[in-house]
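Presented below is the structure to which this report refers.
The values are calculated or read from the model by the stated rules, or taken from the named source; none is laboratory data. Note that the coordinates shown come from a computational prediction; the quantities given were computed from them, not determined experimentally. Note: ideal-geometry Cβ built from the backbone for every residue, glycine included; neighbour counts use all protein chains shown. Surface accessibility is based on the protein's heavy atoms, side chains included, excluding ligands, DNA and RNA. Shrake-Rupley method; radii C 1.70, N 1.55, O 1.52, S 1.80 Å.
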Amino acid sequence: MKTGLYIHLPFCKQKCNYCDFASFAGRESLIPAYLNALDKEAAAAPVKICETLYVGGGTPSLLSAEELGNLCELIRRHFGAVSAFEESTLEANPESLTPEKIRVLKDVGFNRLSVGLQSFNDEELKTLGRVHSTRDFLAAYNAARRGGFENINVDLIAGLPGQTLAGFLHSLEQLLALRPEHLSVYGLQIEEGTPFFERGIVCDQPLMRRMLEETHARLTAAGYHHYEISNFALPGREAKHNTHYWNNGDYVGLGSAAASYLGGVRRQNTADVCAYIRRTEEGKSAVEFSEKLEGKAREGENLMLAFRKLDGVELSPVQEELFGREIEKHLKSGLLERAGKKVKLSFEGLFLANEVFSSFVAPFEEA
C-alpha cells in the first residue's frame with residue numbers, strides 16, 4: 001500500500017471571509033522557526049518512503065523563493081528528492097505565485113500546482129476577501145505554463161453571495177477556455193466562526209445546485225472526467241494524492257493541524273502555530289488528538305470515503321453485513337444506485353451526499 005506525505009503551511013496574507021481552515025494572517029515572521037520545527041518533526045516521522053506529496057495551507061506560495069527552497073531541502077533530506085515522488089503538488093494563490101517561485105518549484109521537481117482562483121469576477125473576489133484579481137490569476141497561470149507546469153488544478157466556488165447563474169457560468173467558461181488539467185468546483189459552505197457566518201449570510205441552495213448541475217454538464221461535455229463529488233480531471237490527470245485519501249490509504253502529516261493516518265491510527269497535531277513550534281523544538285510530540293478506528297467505525301469510514309468517488313465501491317461481505325440495511329435504504333430513496341458489482345452515488349446523491357455519508361458515521365442507528 002502506498003503512503004502519502006502532507007505538509008501544512010498555515011500562513012496567509014489575509015484570512016478569507018469563508019475560510020475555517022487552520023490558517024493565520026500576519027504571522028510571516030514565524031516562517032523560519034516553523035520550517036525548523038518541520039525539519040525536526042520530519043526527522044522523527046515513522047515513514048520515510050512516500051509516493052505522493054501535497055503541500056497545502058494556508059498559502060504555501062506566500063513563502064519567499066528562498067524559504068520554498070529551504071522547504072524543498074528539508075523534504076529531500078528526510079523523504080528524498082521532490083522529483084522522485086509520483087505526484088508532488090503545491091497549493092498557491094495568484095498574488096504570491098511569482099516567476100521566481102515557479103522556477104524554484106520546477107527546478108526541484110514539483111510536477112503539479114493547485115491555484116486558488118475561486119471566481120473570475122473581481123467584485124466576487126472582494127466579497128470573498130481574496131487579495132488577488134482575475135488579472136493576477138491570469139498572470140500567475142500563464143507564468144506557470146511558461147515555467148513548464150503541465151499539470152495545474154484550479155479551484156472555483158459556486159453559490160457566492162449575490163452571484164447569479166449567468167455570473168457563475170461566465171467564470172466557468174473563462175476557466176474552461178484555459179483548459180487546466182484539473183478543476184475543483186465547490187459549493188460555498190458557511191462555517192461557524194467565519195465572517196460570513198457572523199454576518200448571517202445564507203446560501204441559496206437551489207441556485208447553487210443549478211450551478212453545480214451545469215458544472216457537471218459543461219465539464220463532462222468538454223472531456224473532463226467527473227471522478228469525485230467536487231473534482232474533474234482530463235483523462236489520466238486525476239489527483240493521485242487526494243485519491244489516496246478517498247481509498248483510505250496511509251499518509252503522514254507534518255505541521256500544525258496536520259493529520260496522519262497510519263495503520264488505522266489517526267493523529268492530529270495542535271493547530272496552535274506557536275505551540276507546534278515550541279513543542280517540536282523541545283523534542284516533544286505536537287500531537288493533540290489520536291484515535292484508532294476499529295470494527296464497524298472503520299468500515300463505515302472506508303465506505304464514506306469510497307462513496308466520494310463517482311465510480312463507487314464494490315462492497316465486501318463484511319460491509320454488506322454491517323451496513324446492508326443503510327445501503328438498501330439509500331438505494332430505495334434513489335441516492336445510491338448499483339452499477340454492475342459496485343454501489344455508487346446517483347446523480348441525485350451527488351447533491352445530497354452528506355445524507356448518505358451520515359449513515360456510515362458513529363453513532364449508528366440501531367437495527
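Figures for the structure shown
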quantity	calculated
Region 308-367 - percent of accessible surface contributed by carbon and sulfur, probe 1.4 Å	52
Net +/- balance of residues flanking Leu345 in space, Cβ distance below 13 Å, scoring K and R +1, D and E -1	0
Region 208-367: C-alpha gyration tensor shape, a/c 1.5 cut-off, then a/b vs b/c	oblate
Shape of the chain, Cα gyration tensor, a/c cut at 1.5	oblate
Dipole magnitude of region 52-169 about its Cα centre (Cβ charges: Lys, Arg +1; Asp, Glu -1), debye to nearest 20	180
Stokes-Einstein translational diffusion, region 270-316 - Kirkwood Rh over all Cα pairs, 0.692 mPa s, 37 °C, in µm²/s	242
With every protein chain in place, region 70-189: carbon and sulfur % of accessible area (1.4 Å)	46
Contact order normalised by residue count of the chain, Cα under 8 Å, 6+ apart, percent	15
28 Å Cα-Cα threshold exceeded, pairs from Lys101/Lys284; Lys2/Lys341; Lys13/Lys101; Lys2/Lys292	Lys101/Lys284
CD proxy at 222 nm, helix term only [per DSSP H run n ≥ 4: -39500 (n - 2.57); per residue of the chain; nearest 500]	-12000 deg cm²/dmol
The chain, accessible area per residue, ligands and nucleic acids excluded (1.4 Å, Å²)	44
Binned Cα-Cα distances of region 121-232, short to long, each 10 Å bin given as a whole percent	12, 43, 35, 9, 0
Protection proxy ranking, peptides 192-200, 212-220, 50-58, average beta carbon neighbours within 10 Å, highest first	50-58, 212-220, 192-200
Taking region 214-321 and dividing mean pair separation by its residue count, relative contact order in percent (alpha carbons under 8 Å, at least six apart)	21
